[in-house]
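Attaching a single structure in structure tokens format; questions to follow.
Only the coordinates and a few stated rules stand behind these numbers; no lab work does. Quantities reported herein were computed from a predicted structural model and do not represent experimental measurements. Quick reminder, even Gly has a Cβ in these numbers, built from the backbone with ideal geometry, and neighbours come from all protein chains shown.
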Amino acid sequence: ADKLLEREAVKYAAGLLMPKYLFEPVLTERRDLSLVRHEEVATIFSTSVLATAMRLADLDIQPVLIACYSPSGLRWHKRAGQIRARWFLRKQLDSDSFAHDFFQDGQPHPRLGIQSAETWFENFDAENFQVHECCRPIRRDELLVVLVLDSTMLYARCDSDARGRKWI
């Protein structure tokens, strides 16, 4: 019950601090959804980059998935409503991801870069798609990852090899 109340309070605060009618035009005035842009928008609304990214996912403005990873793997994630649950996010970072590079060399990657979707998703057909990835640290040993999915991923057929996978 406490978690539910906390989530409701966070959602209420986000609506007060970043009302959709103000937030959406500011965030989307440029097509840049990188963490550099999130930082600019966070400054405008006096919010954290994490709160800004979560608000973007909540409002379902763009096909974004945000996640928090530590060196031991996925901590949590949030997807925009338009992203179907057919996409199985990897629990461990792939060595090709910018996020993995951060834990190796300490360099954040706040600008969006193109990755094969198989870097981030377990699906058998992920190699046929691309995502845009950026990442930055949010706490000690925690990394905020923003993935912007290609629109073709939103309409991809169901994963026929979904047996035994846990929907996350």
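Please go through region 83-114 and give me each residue that is under 21 Å from Leu33 (Cβ atoms) and among the polar types (S, T, N, Q), ordered by number.
The answer is Ser97, Gln107.
Scan region 25-66 residue by residue and report those that are acidic (Asp, Glu) and within 16 Å of Cys134 (Cα to Cα).
Passing the criteria: Asp32, Glu39, Glu40.
Something else now. Mind checking which residues of region 115-142 are among the basic types (Lys, Arg) and either closer than 17 Å to Leu33 by Cβ or surrounded by 14 or more Cβ atoms within 10 Å (Cβ to Cβ) (or both)?
Arg136
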